[in-house]
Amino acid sequence: MAGASKNSRTAVATQKFSCPCGGEVELKTMVENGKIKNIAECAKCHRIERRPKDFK
């Protein structure tokens, strides 16, 4: 009987980030000057930060 290996993910773990205003933070990928740029934006107040954990 084969089981899951010790390094496999058995559950999907997604983190939900929220803004102090109460909105949900969404990750977006933009192309700017030919380079890919990842940003995090609040859906409610449209605040933009570099990473989701910067919303504290």
Could you tell me the number of lysine pairs in the chain with C-alpha atoms less than 21 Å from each other, where the two lysines are 8 or more residues apart or belong to different chains?
12
Tail fraction, Cα-Cα pairs, the chain, threshold 14 Å, whole percent
62 percent
Tell me, what HN-Hα J-couplings in whole Hz come from the Karplus equation 6.51 cos²θ - 1.76 cosθ + 1.60 at θ = phi - 60° for each residue of segment 40-51, using x for Gly and Pro?
10, 10, 6, 6, 8, 9, 6, 6, 10, 10, 6, 10
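Laboratory data are not the source of any read-out in this text; all were calculated from the coordinates shown. Remember, predicted model here, so these are calculated numbers, not experimental data.
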